[in-house]
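Peer 1: Would you mind keeping the following structure in view while I ask a few things?
The values are calculated or read from the model by the stated rules, or taken from the named source; none is laboratory data. Quick caveat, the model's predicted, so the values are computed rather than measured. Glycine also receives a Cβ, built like all others from the backbone with ideal geometry; neighbour counts cover every protein chain displayed.
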Amino acid sequence: MKTTSLTDNFDQPFALSAKEIADYDDNGYLILEDFLELSSCEKLTKDAFEFAKEDIHNYLSFHRELPSFKSLITHPFLLDAADQVQRARMVPIGSIFFFGKPNNPLENGSLPHQDNYAAKAPTGSYFVVALALDDCDEENGALGVYPGSHKLGELPFTETKNFVFDTKGKLEQCFPIGNEVSIPNDLEPKVLNYKKGSLILLHSNTIHFASKNINKDDRWRKMIYMHFIKDGDPFWPGWNARRQIMDRIPRRL
Ligand SMILES: O=C(O)CCC(=O)C(=O)O
């Protein structure tokens with residue numbers, strides 16, 4: 001596939017192959033390798049570190065603070081890809097950034113969960129696109145999935161707290177992310193391997209998780225998760241995330 005940048009010429013839409021769409025439909029996720037060129041990944045990384053300074057933890061809604069993150073979440077090729085697998089015009093509404101610093105007390109991975117508990121949208125409407133800013137595998141806490149679990153619909157979950165903020169709004173505690181679901185016996189987890197610049201499309205009902213990054217080789221696992229809703233559908237903004245619809249280009253594919 002063609003590698004893109006944050007400022008490419010986006011005249012031609014970005015078409016997925018029939019096989020890529022069929023793989024997404026079967027598995028509930030799709031990895032697009034080499035989606036974003038490395039210099040654009042470096043720009044996003046630099047902006048994230050400059051914003052966070054010494055406060056290294058998860059950040060909600062960097063796209064509201066950092067123009068490079070806004071360019072990514074409204075990236076025409078990213079939207080083309082989202083629209084094709086979701087068969088709808090997908091409107092950006094939120095994002096969360098993970099530094100994935102090794103052994104960081106303020107980052108503790110995520111429990112096996114589906115994502116729509118947060119947005120409470122009509123089933124299948126909420127949608128996730130992630131961009132990797134590091135090479136990721138089992139050693140640095142890569143994203144794991146239960147392939148095919150998106151076909152199970154929304155499963156019962158145990159409600160747990162994700163974040164604790166102090167009175168000034170500063171994050172002081174982070175629990176493993178997500179409301180845990182119990183896994184049906186016949187499903188096998190798969191920890192994904194993907195390179196910096198890969199884009200991962202994830203159905204919101206795909207059960208996913210990540211181990212805390214505990215490697216001793218200073219391998220970070222920076223990831224940007226971006227959230228979308230099918231045009232016109234309702235969703236809960238969330239007291240922490242404050243999800244909001246954003247402007248985007250018309251649907252092209
Ligand atoms: O820690 C991770 O990379 C997974 C994050 C996640 O599951 C989520 O934001 O829903």
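Peer 1: For segment 184-199, give me each residue that is in contact with a strand residue (DSSP E or B) (Cβ under 6 Å, 6 or more places away or on another chain) and more than 30 Å from Glu37 (Cβ to Cβ).
Peer 2: Within segment 184-199, just Pro189 meets the criteria.
Peer 1: Further question: So which residues in segment 138-159 are within 13 Å of the ligand (Cβ to nearest atom) and assigned to a loop (DSSP other than H, G, I, E, B), if there are any at all?
Peer 2: Gly141, Ala142, Tyr146 - these are the residues of segment 138-159 that are within 13 Å of the ligand (Cβ to nearest atom) and assigned to a loop (DSSP other than H, G, I, E, B).
Yes/no matrix, rows are residues, columns are (1) closer than 22 Å to Leu199 by Cα; (2) free of Cβ contacts under 8 Å to residues at least 12 places away in the same chain; (3) within 15 Å of the ligand (Cβ to nearest atom); (4) out of contact with any His (no Cβ under 7 Å at 6 or more places or on another chain):
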{"site": "Ile214", "(1), (2), (3), (4)": "no, no, yes, yes"}
{"site": "Arg219", "(1), (2), (3), (4)": "yes, no, yes, yes"}
{"site": "Asn240", "(1), (2), (3), (4)": "no, no, yes, yes"}
{"site": "Arg248", "(1), (2), (3), (4)": "yes, no, no, yes"}
{"site": "Arg251", "(1), (2), (3), (4)": "yes, no, no, yes"}
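Peer 1: Whether any residue in segment 18-33 is at pLDDT 95 or above, in contact with a Ser or Thr (Cβ under 6 Å, 6 or more places away or on another chain) and part of a strand (DSSP E or B) is what I want to check.
Peer 2: Looking through segment 18-33, at least one residue is at pLDDT 95 or above, in contact with a Ser or Thr (Cβ under 6 Å, 6 or more places away or on another chain) and part of a strand (DSSP E or B).
Peer 1: Picking from Ala82, Ala48, Ala118, Ala88, which residue would you name as being small (Gly, Ala, Ser) and closer than 16 Å to Ile200 by Cα? Quick ask: steps written out before the conclusion?
Peer 2: Details: Ala48 fails: closer than 16 Å to Ile200 by Cα; Ala118 fails: closer than 16 Å to Ile200 by Cα; Ala88 fails: closer than 16 Å to Ile200 by Cα.
None of the others qualify; the one that does is Ala82.
Peer 1: Anything in segment 167-181 that is part of a loop (DSSP other than H, G, I, E, B), at pLDDT 90 or above and more than 21 Å from Gly100 (Cα to Cα)? List them, or say none.
Peer 2: Thr167
Peer 1: Among the residues of segment 189-199, are any within 12 Å of the ligand (Cβ to nearest atom), modelled with pLDDT of 95 or more and under 20 Å from Leu16 (Cβ atoms)? I'd like the intermediate steps shown before the answer.
Peer 2: We begin by selecting, within segment 189-199, every residue within 12 Å of the ligand (Cβ to nearest atom); these are 191-192, 194.
Narrowing further to those that are modelled with pLDDT of 95 or more: 191-192, 194.
So of that shortlist, the ones also under 20 Å from Leu16 (Cβ atoms) come out as 192, 194.
Yes, segment 189-199 contains at least one residue that is within 12 Å of the ligand (Cβ to nearest atom), modelled with pLDDT of 95 or more and under 20 Å from Leu16 (Cβ atoms).
Peer 1: Any idea how many residues of segment 104-132 are on the phi > 0 side of the Ramachandran plot and either touching a Lys or Arg at 6+ places or on another chain (Cβ under 7 Å) or within 12 Å of the ligand (Cβ to nearest atom) (or both)? Give the derivation first.
Peer 2: Taking segment 104-132 as the starting set, the residues that turn out to be on the phi > 0 side of the Ramachandran plot are 109, 120, 124.
Next cut, either touching a Lys or Arg at 6+ places or on another chain (Cβ under 7 Å) or within 12 Å of the ligand (Cβ to nearest atom) (or both) only: 109.
Total satisfying the criteria: 1.
Peer 1: Being in contact (Cβ under 8 Å) with a residue 12 or more places away in the chain and closer than 13 Å to Ile31 by Cβ is true for just one of Val191, Val181. Which residue is that? Before you say what the answer is, go through the steps one by one.
Peer 2: Numbers: Val181 fails: closer than 13 Å to Ile31 by Cβ.
That would be Val191, the only listed residue that is in contact (Cβ under 8 Å) with a residue 12 or more places away in the chain and closer than 13 Å to Ile31 by Cβ.
Peer 1: For the subset of segment 196-248 comprising residues that are buried (at least 19 other Cβ atoms within 10 Å of the Cβ) and small (Gly, Ala, Ser), which member is farthest from Asp134 (Cα to Cα)?
Peer 2: Selected residue: Ser204.
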